[in-house]
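First comes the structure, then the notes that go with it.
The values are calculated or read from the model by the stated rules, or taken from the named source; none is laboratory data. On a predicted model such as this, the values are computed, not experimentally measured, just so you know. Cβ placement follows ideal geometry from the backbone for every residue including glycine, while neighbour counts extend to all protein chains displayed.
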Amino acid sequence: MPPTRIHHVNFVVHDLEEAMARFERALGVEPFEIIDYRPRGARVARTRVGESWLVLVCPYDPASVPGRHLAEHGEGFFLISLGYEHIGQQLEQLEASGIEVVDQAPRDGILDWRVADIGELHSAKIQLTQDNPVDDEQD
């Protein structure tokens with residue numbers, strides 16, 4: 001099944017407040033909502049861009065996935081997340097087709113998001129996201 005939309009695009013940054021101001025000024029986006037996302041060892045800020053989200057990730061745990069990415073690659077593009085109705089089903093289809101799947105099952109993302117990472121495609125990290133899952137058995 002194809003994705004329903006680009007759910008969000010993540011950028012990893014050293015200074016969240018400076019990055020928010022830079023993106024707001026440069027792109028004219030609405031103010032960001034800040035979330036402390038302890039499972040990933042990062043402060044996260046998000047704002048809407050049409051039907052999608054622009055997400056800034058500022059790791060405070062250097063051993064976290066975004067912390068390691070920042071140390072290895074510096075600030076910049078981190079990942080793109082594609083929206084699906086049922087990411088559990090999509091993960092099963094990907095595995096059956098031989099695509100590398102990092103997360104074997106969906107996990108909690110920020111707020112009401114469920115997410116799952118798959119491998120890189122053309123050097124880009126790809127994630128699947130589902131909004132407002134009502135029945136975890138579907139995943």
Among the residues of the range 69-82, is there at least one that is of a type in the set (V, I, T) and out of contact with any Leu (no Cβ under 6 Å at 6 or more places or on another chain)? yes
Take the range 55-98 and flag every residue that is of a type in the set (V, I, T) and farther than 22 Å from I35 by Cα. I87
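R43: of a type in the set (D, E, K, R), touching an Asp or Glu at 6+ places or on another chain (Cβ under 8 Å) and surrounded by fewer than 14 Cβ atoms within 10 Å (Cβ to Cβ), yes or no?
Answer is no for this residue.
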Restricting attention to the range 1-25, report how many residues are touching a Phe, Trp or Tyr at 6+ places or on another chain (Cβ under 9 Å) and exposed (fewer than 12 other Cβ atoms within 10 Å of the Cβ). 2
Given the criterion out of contact with any helix residue (DSSP H, G or I) (no Cβ under 6 Å at 6 or more places or on another chain) and surrounded by 15 or more Cβ atoms within 10 Å (Cβ to Cβ), identify the matching residue among G50, G74, G67, G28. G67
If I filter the range 32-57 down to residues being farther than 22 Å from D103 by Cβ and either in contact with a His (Cβ under 8 Å, 6 or more places away or on another chain) or acidic (D, E) (or both), which single residue comes out as modelled with the lowest pLDDT? E51
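Looking only at residues in the range 120-137 that are surrounded by fewer than 12 Cβ atoms within 10 Å (Cβ to Cβ) and over 16 Å from P106 (Cβ atoms), which one is modelled with the highest pLDDT?
The selected residue is A124.
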